[in-house]
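Presented below is the structure to which this report refers.
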Amino acid sequence: MSIDTPARVRPSRSGKPQGQWAVDGRAPLNHNEEFKAADNGLNVRERIETVYAREGFDSIADDDLHGRFRWWGLYTQRKPGIDGGRTAQLEPSELEDRYFMLRVRIDGGALTTRQLRVVGELSAEFARDTADLTDRQNVQYHWVRVEDVPEIWRRLEEVDLSTTEACGDTPRVILGSPVAGIAADELIDPTPAIEEIRQRFIGDPELANLPRKFKTAITGHPSLDVVHEINDVAFVGVRHPELGIGYDLWVGGGLSTAPRLGERLGVFVAPDEVAEVWYAVASIFRDYGFRRLRHKARMKFLLADWGAERMREVLEQEYLHRRLPDGPAPAVATTPGDHVGVHEQKDGRRYVGFAPTVGRLSGTALTRLADLAEAAGSARVRLTPHQKVVVLDVDPERVEDLLAGAADLGLTARPSPFRRSTIACTGIEFCKLAIVETKATAAQAIAELERRLADVEPELGRPITLHINGCPNSCARIQTADIGLKGQMIDDGGASVPGFQVHLGGGLASEGREEAGLGRTVRGLKVTAESLPDYVERIVRRYVTTRTPDETFSAWVRRSDDEELR
């Protein structure tokens, strides 16, 4: 596919050079842009295979270690024993261990049981049995040695998996509906579009030097199950009154420390045009994205500067060279988008959605899950953007056997509201940016809340989402949770202890919520990690006691005063 160079330049509204290639030229304006200009990040694979894997960690050049390795899914992990109070005080080299996090890219979250078994076996052999499910439908290994990376790649690629552009300033993994192609109520199966983008553009050197990461989501399911509002580009299935079924295009979403919800461009994208439109939007980001300041180098800042109308104009006139039809917005979701539970497929078989505890699993468990799925008649599983796993194509007569076997692995299709709705990032255990522990904190909180709130659980109706993040960067989407917790060191009677700033009432479009909204913060509202269950219990009981009939938690938060939320 050929997209012409932009026909005319469009300086930013600030009037200052922002490092936009189409406006300011390609001279690097910071070190990150310098090392990308010096050598494409994809090229580091050859050095890993021929030099670093043979000569070891100490042989790795700095710009490769702290830069280009990301293009192949590799980050150094945090050295054990460094407390969160020192995270901002130490240099990366002081924080990092000689081991790596390695992210397996799983577009659409789609795995065969053969692929799942390989993922599990590699975890057990090379990653100390770590295999966390992320909220981006990836699997993350830890404790990986550079010496073992080529063999991991070889085995992944034997089953058509990879770590290509799993990190870095690249098109990251494509989120897709976990029930694509099998749900009875699906509008359109996004699998062909996801696969076309993956095969044509992932690993393409022309898109391997973006200003920063570029996140994609595509769904054709009416539950709106791919968190489309917080991706750089998203395609959401809709029914056009005249043109039939296709996609609504969203651009410019993202969270981190400057959250911004994506916006509709108001266009209708036909199913066979998705890859072309995706490439055009990615090219706009490449050519016009802000590169001077790294914290401004996301699509959301370009959209904020231009606005949706101008973004559509540039897309149509300079990249597609044609006008796209106007299109409708997605319908309001009427079912949960996490797909937990037992559900009937359109072919009469079942899909079963399981909830691990905040995505924490092991390679051994994944290998065993592949065995259980096959025993139940399945050859396919899907990971979800909510740290869940769904087994497809289950024989109805074998559902209960699958449920029983999965329970032994710590997986349940009938979780409590708190286990179902809690997600957590990697946290201080492995992440160099983290300030507090997350996974164990979340697991302990879930157990406490299940015990303490058993009496109000039947009254909750919809689960209250609890998202726990180890730093301000919001990998666990704290601003879009009912209760979002941002990790930081806080004062507790004169002592500095791990804790959280509290965000309340956020959420994305979903069952019971028509539109996305960011959570609010209450001045001075912080909780220690130790007192987290106390706070959640208190706020949930207050909500149940004072809400109006059918009032959601987020609606209750919006009308409550600060004191009620403490």
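The values are calculated or read from the model by the stated rules, or taken from the named source; none is laboratory data. Everything numeric in this text was worked out from a predicted model, so none of it was measured. Here Cβ is always computed from backbone atoms with ideal geometry, including for glycine, and neighbour counts include all displayed protein chains. With ligands, DNA and RNA removed, areas are computed over all heavy atoms of the protein, side chains included. Shrake-Rupley method; radii C 1.70, N 1.55, O 1.52, S 1.80 Å.
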| For the chain, what size does the Cα cloud have along each of its three principal axes, sorted from largest down, in whole Å? | 63, 61, 54
| field | Cα-projected label distance for ASP534 with THR364, points at 7 Å along beta-carbon direction, nm | value | 3.7 nm
| message | Ordering ASP562, ASP62, ASP232 by accessible area with a probe of 1.4 Å, largest first, what comes out? | response | ASP62, ASP562, ASP232
| If CYS475, CYS431, CYS425, CYS167 are ordered by their accessible area, calculated over protein heavy atoms with a 1.4 Å probe, which sequence runs from highest to lowest? | CYS475, CYS431, CYS425, CYS167
| message | With a 1.4 Å probe and all protein chains kept in place, how much accessible area does THR548 have, in Å² rounded to the nearest 10? | response | 70 Å²
| task | For segment 390-535, calculate the relative contact order in percent as a whole number, restricting contacts to Cα pairs under 8 Å that are 6 or more residues apart. | result | 17 percent
| task | Can you quote the Å³ per residue value for the convex hull of the Cα atoms in segment 67-152, rounded to an integer? | result | 113 Å³
| field | segment 161-227, dipole about Cα centre (Lys/Arg Cβ +1, Asp/Glu Cβ -1), debye to the nearest 20 | value | 300 debye
| field | Within segment 245-278, backbone nitrogen closer than 19 Å to the virtual label 7 Å beyond the Cα of ASP160 toward Cβ | value | 275
| query | Carbon and sulfur together cover what percent of the accessible area of the chain at a 1.4 Å probe radius? | reply | 47 percent
| task | Name the cysteines of the chain that stand alone by the Cβ rule: no other cysteine Cβ under 4.7 angstrom. | result | CYS167, CYS431, CYS471
| said: Please report the accessible area of ASP482 (heavy atoms, 1.4 Å probe, ligands and nucleic acids excluded) in Å², nearest 10. | reply: 20 Å²
| query | If the cut-off is 13 Å between C-alpha atoms, which aspartates and glutamates fall inside it for LYS215, apart from same-chain ones fewer than 8 positions away? | reply | ASP107, ASP135, GLU165, ASP169, GLU229, ASP232
| task | Could you please state, rounded to a whole Å, how far the C-alpha centre of segment 367-417 is from the C-alpha centre of segment 510-551? | result | 31 Å
| note | About its Cα centre, segment 359-427 carries a charge dipole, from +1 on Lys and Arg Cβ atoms and -1 on Asp and Glu Cβ atoms, whose size in debye to the nearest 20 is 500 debye
| How large, in Å, is segment 467-566 by the Kirkwood hydrodynamic radius built from its alpha-carbon pairs? | 13.9 Å
| Going highest first, how would you order 194-202, 363-371, 49-57 by mean Cβ packing within 10 Å? | 363-371, 194-202, 49-57
| Under a straight-distance cross-link criterion of Cα-Cα below 22 Å, which lysines are reachable from LYS79, leaving out those fewer than 8 residues away in the same chain? | LYS432, LYS439, LYS486
| message | Taking the full set of protein chains and a 1.4 angstrom probe, give the accessible area of SER531 in square angstrom, rounded to the nearest 10. | response | 40 Å²
| request: Find which of ALA379, GLY410, HIS321 sits farthest along the positive direction of the dipole of the chain, computed with +1 on the beta-carbon of Lys and Arg, -1 on that of Asp and Glu, about the Cα centre. | output: HIS321
| remark: re segment 331-392: pairs of Cα atoms spaced beyond 13 Å account for a percent value of 65 percent
| query | Taking the Cα-to-Cβ direction at LYS346 and at ASP395 and moving 7 Å from each Cα, how far apart do the two end points lie in nm? | reply | 2.5 nm
| So how strong a dipole does the chain carry about its Cα centre when Lys and Arg Cβ are +1 and Asp and Glu Cβ are -1, to the nearest 20 debye? | 1300 debye
| remark: Those GluC sites (Glu not before Pro) from segment 489-566 that are DSSP loop and have at most 16 other Cβ neighbours within 10 Å turn out to be GLU511, GLU514, GLU515, GLU530, GLU551
| said: Please list the three semi-axes, largest first and in whole Å, of the ellipsoid equivalent to segment 304-344, using sqrt of 5 times the eigenvalues of its alpha carbon gyration tensor. | reply: 35, 13, 10
| Top positive-direction residue, dipole computed over segment 11-150 with Cβ charges, set GLY25, VAL149, LEU102 | GLY25
| message | At 0.36 nm per residue, and after removing the present C-alpha to C-alpha distance, how many nm does the segment from THR334 to GLU242 gain when stretched out fully? | response | 30.7 nm
| said: How high is the relative contact order of segment 395-471? Use alpha-carbon pairs under 8 Å, at least six apart in sequence, and give a whole percent. | reply: 40 percent
| request: Take the alpha carbon atoms of segment 64-91, find their center, do the same for segment 420-457, and report the distance between the two centers in whole angstrom. | output: 23 Å
| Tell me, what is the per residue accessible area of the chain in Å², probe radius 1.4 Å? | 38 Å²
